[in-house]
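Note sheet for the following structure.
The values are calculated or read from the model by the stated rules, or taken from the named source; none is laboratory data. Nothing here was measured: the structure is a model prediction, and the numbers come from that model. Counting neighbours? That spans all protein chains shown, and the Cβs are built from the backbone with ideal geometry, glycine included. What goes into the accessible areas is simple: the full protein's heavy atoms, side chains included, and nothing from ligands, DNA or RNA. Shrake-Rupley method; radii C 1.70, N 1.55, O 1.52, S 1.80 Å.
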Amino acid sequence: MQAQIHPHSARVLRSKAPRPFQAPMVNTRQSTVQRPATACRATLPMREVLEMLIARKDLTEEQAAQTLKVLLDDFVTEQAAAFLVLLRAKGETPEEIAGLARAMLDKGLPVKTKSGGVVDIVGTGGDGIGSVNISTGASIVAAAAGAKVAKHGNRSVSSLCGSADVLEALGVSIDLGPEGINRCLDEANIAFMYAPRYHPAMKAVRPVRSALKVRTALNMLGPLLNPAHAEYGLVGTYSTDISELMAGSLLRLGVKKALVVHSAGLDELTPMAPADVVEVEAGVKGIKRYALDPKDLGIPRCTVEDLKGGDAALNAQILKDVFGGARGPVADALNLNAGVALAACQVAPTPRDGVALAQEVQRSGKAAGVLAAWVAASQAAARQEAGAAPAAAGSR
């Protein structure tokens, strides 16, 4: 498929929007705003950080990381709110977002996977459309096709059903430690890392996020905080305005390849319309931004009503039907996302081949077998973990 330049790529962002990613040594689109150079000290007093942001000075990646670490260690609500709002008003940079993500990852519980090359299919959330859990369903289809999927997620924040909610309804034990994660990857090709367990520090900033009522850097961090440091990613965003920012941040965090996507108001690929795609790859200069039309991959159009979901029980049943071989718009959406992810993580040579592979495992019912294996592995890991806890307590 020939790449097409998407009209969003030529748009000059307003000063309050996040600035597009610009790779080193590449003469790509340049910001028209000239900002003063940032001081090189890594750790700055909070007052100085706020003054810098007021003056529209960018922070280095290390300064952003240290600022968030200071806030988390000695949390002051007003300072956190001021920092996030001023960062948003200035316009976040990939260095700053990557620094915030690194700080949160350093505070979290890491997962060292035994198998390399894991992929995450994830979105920022915030599209407000109430679709079925497409990225979660696509993750299971991708695992059935041979990908190692380390999914990071949470319960619903603004929708009826988050990834943790629907997985729990499907029978998956969602709250597992690193050993359980590796067991699930070994036995089912897929595992779920429950965000509150792996990032307890997020609890401190959650009230600030809710109280501000505006989107800040916190709304972008979720897909960047995979505890297994997924090397590949299909990452959906709530707006194309932040696609390049997310892509640049992912690259700075060490991904081998990531596609940042948005389609028809949703933070994932959908059959509804062509998607805006920003692609980055380690060792490749610059970015690629193009439109990806599902019809070019053999996926027919659908409407937003075709993808509507509901609560966890309803969404779980919809996904079970698809995993069992049911066809239709939801199956098309899952196969589309799984197929593109399979190409991104090099399980399939091209997105078209990836979609064909996803359709094969979904229509044959193989995805249902992977779900059953995952449920069994996760529940066994949960029982083992529960049994180990009293034993550890007794040995103290």
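General observations
- Between the C-alpha center of segment 293-328 and that of segment 97-159 there is a gap of 19 Å.
- Two-site FRET efficiency, residue 206 against residue 295, from Cβ-Cβ distance with R₀ of 51 Å, rounded to 0.05: 0.80
- Rounded to the nearest 20 debye, the dipole size of the chain about its Cα centre is 600 debye, using +1 on the Cβ of Lys and Arg and -1 on the Cβ of Asp and Glu.
- Over the chain, accessible surface divided per residue gives 42 Å², non-protein components excluded, 1.4 Å probe.
- Counting only protein heavy atoms and a probe of 1.4 Å, the accessible surface of segment 77-222 is 52% carbon and sulfur.
- Note: segment 258-396, Cα convex hull, 170 Å³ per residue.
- Toward the positive end of the charge dipole of segment 209-367, with +1 on the Cβ of Lys and Arg and -1 on the Cβ of Asp and Glu, the farthest Cα among 355, 250, 291 is that of 250.
- Cα lying deepest toward the dipole's positive end in the chain, options 84, 192, 312, charges on Cβ: 84
- Listed by chain and number, the lysines whose C-alpha is less than 26 Å from the C-alpha of residue 366, apart from same-chain residues fewer than 8 away, are 114, 148, 151, 295, 308, 320.
- Residue-by-residue Karplus 3J(HN,Hα) for segment 286-292, coefficients 6.51, -1.76, 1.60, Hz, glycine and proline x: x, 10, 10, 10, 7, 9, 10
- Compared with the alpha-carbon gap, the fully stretched path from residue 372 to residue 284 is longer by 27.8 nm at 0.36 nm per residue.
- In a simple Cβ point-charge model (Lys, Arg +1; Asp, Glu -1; nothing else charged), segment 250-297 has a dipole of about 320 debye relative to its Cα centre.
- Potential lengthening between residue 55 and residue 383 on full extension [0.36 nm per residue; Cα-Cα distance subtracted]: 112.7 nm
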